[in-house]
Amino acid sequence: MGAEFRPERAAAEPPAPLILGLQPAALIDHVARVDWSLLDRVPGERGGSTPVAIEELEYILREVKTHILSSPNDLSPVKSMAGGSVANTIRGLSAGFGVSCGIVGAYGDDDQGQSFVSNMSFHGVSLSKMRLEKGPTGQCVCLVDACGNRTMRPCLSNAVKLQADELTGAHFRGSKWLVIRYAIFNLEVIQAAISLAKQEGLLVSLDLASFEMVRNFRSPLLELLLSGNIDLCFANEDEAAELLRGEEKVGPEAALEFLGQYCKWAVVTLSSNGCIAKHGKETVRVPAIGEMKAADATGAGDLFAGGFLYGLVKGLSLEECCKVGSCSGGSVIRALGGEVTPENWQWMYKQMQIKGLPLPNMRN
């Protein structure tokens, strides 16, 4: 008798990431600490974020070299890393909290695209839902002053980007959370992702991005909130103020109440004053953690969101979620850029221990 024929079994699909981030366009951040005189030569206002063309971005990067503020801890004058709010949150959840994470989006076939992939993969983020496309990857120059204030100049106009019609339910199947950042230029893909994620039973977390985005595009944002599809919303003080501009009641507390009407969880971060959060009828106020002056505020809100989400997936109380968020947000401001260094993760674990919070059970 001949040998029995056994068809080869298809390789088992890896389990879906617990938390998925949507970042339609991959981004590389170039972060440098500079003296303020450089900003007199850079078009646009100090602070905030103004889009620039690639020629302008390259000009700024050349100018940075003559305006650098050196620091004994910085091995190179410009730090380049995978950037973007969602990437910062997802990388932090994977690297610092051991949560299985993935990212949905597109990257270009250039050095920047390869850098994004290498950086996120190194920190354990699944990139199986990222598309490689022909064209340039987005870049952003982040200029940080001696006080930790930052000015951003992103170049995204011609960068490769995931389109709404490229998404399917399979992107979200099996995951528990979808993390999104509000952006009007991504509105179509955001709406498609939320719709598909909800069909697959995911919870959706939305970050309000920036006060300019809330101020200039408030109506579509309110539509997203009124849809009832946003389960968790993060706003900082400035975004909260813009959310209620022209209303009778304003201020962080009023914004929290407003968000709490439409979202299961609402959080307003108050910079050095900590945060306030609401879940159902419960409202908590938690002070900031750590006494240190920020070396660079880049990523503070993104890492706060990661810590808070870690708390939720671990079933922690609302107050504990805020405390983990504060520890996590406090860890990233201690060095340049939105990526937490190994020593600052250790600082965070120590803060969590002091506060009696459960430490992550790291995979690696």
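Laboratory data are not the source of any read-out in this text; all were calculated from the coordinates shown. What you see is a predicted model, and the numbers here were worked out from it, not measured in a lab. Backbone-built Cβ (ideal geometry, glycine too); neighbour counts: all protein chains shown.
Sorted from fewest to most neighbouring beta carbons within 10 Å, what does the list K79, K161, K249, K281 look like?
Values: K79 19, K161 22, K249 10, K281 6.
Going from sparsest to densest Cβ surroundings: K281, K249, K79, K161.
For the chain, the alpha-carbon radius of gyration amounts to 0.99 times the rule-of-thumb value 2.2 N^0.38 Å expected for a compact globular protein. Taking a Cβ cut-off of under 13 Å around D35, the surrounding Lys, Arg, Asp and Glu residues balance to a net charge of +1, with basic ones at +1 and acidic ones at -1. What separates the Cα centres of region 320-348 and region 168-184 is a distance of 25 Å. Candidate cross-link partners of K264 among the aspartates and glutamates, defined by an alpha-carbon separation under 17 Å and a same-chain spacing of 8 or more, comprise D207, E223, D231, E253, E282, E319, E320. Averaging the sequence gap over all C-alpha pairs within less than 8 Å and six or more residues apart, then dividing by the number of residues, gives the chain a relative contact order of 17 percent. Estimated from helical segments only, the mean residue ellipticity of the chain at 222 nm is -10500 deg cm²/dmol, where each DSSP H run of four or more residues counts as -39500 (n - 2.57). One chain, two ends: F185 and T66. Fully extended at 0.36 nm per residue, the span grows by 39.5 nm beyond their Cα-Cα distance. The listed peptides 331-341, 238-248, ordered by packing as a protection proxy, come out as 331-341, 238-248 (highest mean of other Cβ atoms within 10 Å first).
I need the calculated FRET efficiency for the pair Q163 and I354, taking r as the beta carbon distance and R₀ as 45 Å, to the nearest 0.05. Don't skip to the answer; put the middle values down first.
On the way: r = 46 Å, r/R0 = 1.03.
Efficiency computed from Cβ-Cβ geometry: 0.45.
The packing ranking of peptides 102-110, 26-34, highest mean first, is 26-34, 102-110, where packing means the average number of other beta carbon atoms within 10 angstrom of each residue.
Exceedance of the 18 Å cut-off in Cα-Cα distance is limited, within the set K176/K314; K129/K176; K314/K355; K176/K350; K278/K323, to K176/K350.
Evaluated with a Cβ-only charge set (Lys, Arg +1; Asp, Glu -1), region 74-158 carries a dipole of roughly 220 debye about its Cα centre, given to the nearest 20. Taking a straight Cα-Cα cut-off under 29 Å and skipping sequence neighbours fewer than 8 places away in the same chain, the lysines within cross-link reach of K65 are K79, K293.
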